[in-house]
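Asker: My questions will all concern the structure given below.
The values are calculated or read from the model by the stated rules, or taken from the named source; none is laboratory data. Not measured: the values here are computed from a predicted model. As a convention, Cβ positions derive from the backbone with ideal geometry for all residues, glycine included, and neighbour counts pool all protein chains shown.
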Amino acid sequence: MAKRLRAGDVIPEFRFDTPYHPQNSFYELLEGDRPVFLVFLQNFGHPLTRNYVMEYIKTAAALHSARLVCVVRTRPAVIAKAIPEGVMPYQLICDAEGVLYRFFAVPGEKNRLKCFSFKAMKILNEAKKQGFKSEPGQAWQLPLTLLVGPAGRVLLAHYGSTLTDLPQDCAVMEELAADLLPGLPAQWLAAAPAADSFGAAFGAPAAPAPESAPAAQSPAADFSAGFDTAPDAGFDTSLEVEAASAPRRAEDGPQDLGALLEEFEAPAAPAAPAAPAVQPEAPKAPAVDLSALGFGPGN
């Protein structure tokens with residue numbers, strides 16, 4: 001049964017496909033001394049996915065406290081044909097059928113005013129000039145950002161409220177992990193109790209939490225309290241929220257979202273201080289040419 005994940009939950013073992021290797025073990029992926037960011041995106045043919053894939057490539061060197069894996073709703077062969085193995089600096093999980101998306105209750109939203117942000121509009125408008133077309137009446141899939149420790153322990157779970165409500169780059173992930181990890185219970189960073197299946201993990205009563213867990217759970221469970229409202233955290237609010245909170249002046253006249261977009265500055269500027277650290281990775285970006293994939297739900 002689908003259930004939204006929370007900090008402290010345990011994701012059971014499962015097998016997944018990458019563009020190059022089938023049937024990999026999720027628990028083996030989690031082995032090591034660094035937890036894993038799982039960022040759930042749309043399909044690889046979607047311009048928003050491409051924007052974040054490229055940002056994560058360009059800033060990959062900034063992530064030290066954790067590792068990154070992106071989940072996409074695309075068939076492995078589609079990506080393998082366009083991107084050679086070893087080019088990407090982080091791993092991809094291919095879930096074309098959306099099994100993980102459904103099981104982890106990753107939502108969709110049809111109301112554009114609620115799920116669109118100014119950043120999303122800028123990216124999509126630019127993609128339209130290159131031939132991208134969205135399907136009328138479609139539900140826009142929202143993102144999910146997880147930080148997962150050994151044996152499936154969820155350290156952080158953030159369900160995005162807009163299409164761009166996810167870490168804007170790896171520098172933001174590094175800041176988040178560096179702030180969060182020292183305050184977590186030691187038990188959460190050790191081997192978690194294993195589950196036999198998805199049903200066993202979410203259908204049975206949870207194992208008693210260690211006594212120290214409640215005190216440390218708050219910052220992980222309440223993601224928005226520390227990051228969603230910060231102007232430089234790398235997350236966006238919806239157009240509905242922006243329109244309600246933006247100061248209005250009499251000389252502005254009627255509010256025109258198109259005009260606001262022309263003046264809008266994408267929230268990538270706050271990450272500028274991290275540029276010196278990631279400059280050596282810059283030459284890697286041109287090696288990944290996503291244009292060969294084309295636009296469309298099949299990609």
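Asker: From the list D169, D165, D179, D95, which one is out of contact with any Phe, Trp or Tyr (no Cβ under 7 Å at 6 or more places or on another chain) and of a type outside the set (F, W, Y)? Steps first, please.
Answerer: Numbers: D169 fails: out of contact with any Phe, Trp or Tyr (no Cβ under 7 Å at 6 or more places or on another chain); D165 fails: out of contact with any Phe, Trp or Tyr (no Cβ under 7 Å at 6 or more places or on another chain); D95 fails: out of contact with any Phe, Trp or Tyr (no Cβ under 7 Å at 6 or more places or on another chain).
Step by step, each of D169, D165, D179, D95 is checked, and only D179 is out of contact with any Phe, Trp or Tyr (no Cβ under 7 Å at 6 or more places or on another chain) and of a type outside the set (F, W, Y).
Asker: If P167 passes every condition in (1) assigned to a helix (DSSP H, G or I); (2) crowded, with 21+ Cβ neighbours inside 10 Å but one, which one does it miss?
Answerer: So the condition that P167 fails would be (1).
Asker: For the subset of the stretch 7-63 comprising residues that are free of Cβ contacts under 8 Å to residues at least 12 places away in the same chain and in contact with a strand residue (DSSP E or B) (Cβ under 6 Å, 6 or more places away or on another chain), which member is surrounded by the fewest Cβ atoms within 10 Å (Cβ to Cβ)?
Answerer: The qualifying residue surrounded by the fewest Cβ atoms within 10 Å (Cβ to Cβ) is Q23.
Asker: Within the set of pairs 6+ apart or on separate chains, which have a first residue in the stretch 107-118 that is more than 14 Å from T164 (Cβ to Cβ) and touching a residue at least 40 places away in the same chain (Cβ under 8 Å), a second that is among the polar types (S, T, N, Q) and buried (at least 16 other Cβ atoms within 10 Å of the Cβ), and C-beta atoms under 9 Å apart?
Answerer: Here the result reads P107/Q141; L113/S238, each pair linking the stretch 107-118 to a residue that is among the polar types (S, T, N, Q) and buried (at least 16 other Cβ atoms within 10 Å of the Cβ).
Asker: Ok, one more. Take the conditions among the aliphatic types (A, V, I, L, M) and either under 21 Å from N51 (Cβ atoms) or surrounded by fewer than 21 Cβ atoms within 10 Å (Cβ to Cβ) (or both) and apply them to A127. Does it pass? I'd like the intermediate steps shown before the answer.
Answerer: Details: among the aliphatic types (A, V, I, L, M): yes; either under 21 Å from N51 (Cβ atoms) or surrounded by fewer than 21 Cβ atoms within 10 Å (Cβ to Cβ) (or both): yes.
Criteria met by A127.
Asker: Could you tell me whether C70 is at pLDDT below 95, closer than 22 Å to H158 by Cβ and touching a strand residue (DSSP E or B) at 6+ places or on another chain (Cβ under 6 Å)?
Answerer: Working: at pLDDT below 95: no; closer than 22 Å to H158 by Cβ: yes; touching a strand residue (DSSP E or B) at 6+ places or on another chain (Cβ under 6 Å): yes.
Taking the combined requirement at face value, the residue does not satisfy it.
Asker: Confirm whether A139 is over 18 Å from G160 (Cβ atoms), small (G, A, S) and surrounded by fewer than 19 Cβ atoms within 10 Å (Cβ to Cβ). Write out each step before concluding.
Answerer: On the way: over 18 Å from G160 (Cβ atoms): no; small (G, A, S): yes; surrounded by fewer than 19 Cβ atoms within 10 Å (Cβ to Cβ): yes.
For A139, the condition - over 18 Å from G160 (Cβ atoms), small (G, A, S) and surrounded by fewer than 19 Cβ atoms within 10 Å (Cβ to Cβ) - is not met.
Asker: If we only count helices (runs of 4 or more DSSP H) wholly inside the stretch 1-118, which ones have 1 or more residues that are within 28 Å of L180 (Cα to Cα)? Even if it seems obvious, please write down each step before you answer.
Answerer: Working: elements: 26-30, 47-58, 76-82, 99-103, 112-115.
Those helices (runs of 4 or more DSSP H) span 26-30, 47-58, 99-103, 112-115.
Asker: Residue check, M121 against (1) in a helix (DSSP H, G or I); (2) modelled with pLDDT of 95 or more; (3) farther than 24 Å from M88 by Cα; (4) of a type in the set (A, V, I, L, M), all met but one. Which one?
Answerer: The number of the failed condition is (2).
Asker: If you scan the stretch 83-95, which residues turn out to be in contact with a Pro (Cβ under 9 Å, 6 or more places away or on another chain), buried (at least 16 other Cβ atoms within 10 Å of the Cβ) and either free of Cβ contacts under 8 Å to residues at least 40 places away in the same chain or more than 19 Å from D169 (Cβ to Cβ) (or both)? Full working, then the answer.
Answerer: Restricting attention to the stretch 83-95, the residues satisfying the condition of being in contact with a Pro (Cβ under 9 Å, 6 or more places away or on another chain) are 83, 85, 88, 92, 94.
Filter once more, keeping what is buried (at least 16 other Cβ atoms within 10 Å of the Cβ): 83, 88, 92, 94.
Result: I83, C94.
Asker: For the stretch 59-89, how many residues meet the condition of being of a type outside the set (V, I, T) and within 20 Å of A127 (Cα to Cα)?
Answerer: So the first thing to find is which residues in the stretch 59-89 are of a type outside the set (V, I, T), and the list is 60-68, 70, 73, 75-77, 80-82, 84-86, 88-89.
Imposing the further condition that a residue be within 20 Å of A127 (Cα to Cα) reduces the set to 73, 82.
Total meeting the criteria: 2.
Asker: Next question, about the same structure. Of all residues in the stretch 129-169, how many are closer than 14 Å to C70 by Cβ and of a type in the set (S, T, Y)?
Answerer: 1
Asker: Could you say whether any residue in the stretch 127-146 is assigned to a helix (DSSP H, G or I) and in contact (Cβ under 8 Å) with a residue 24 or more places away in the chain?
Answerer: In the first step, residues of the stretch 127-146 are kept if they are assigned to a helix (DSSP H, G or I); the result is 127-129.
From what's left, in contact (Cβ under 8 Å) with a residue 24 or more places away in the chain: 127.
Yes - at least one qualifying residue is present in the stretch 127-146.
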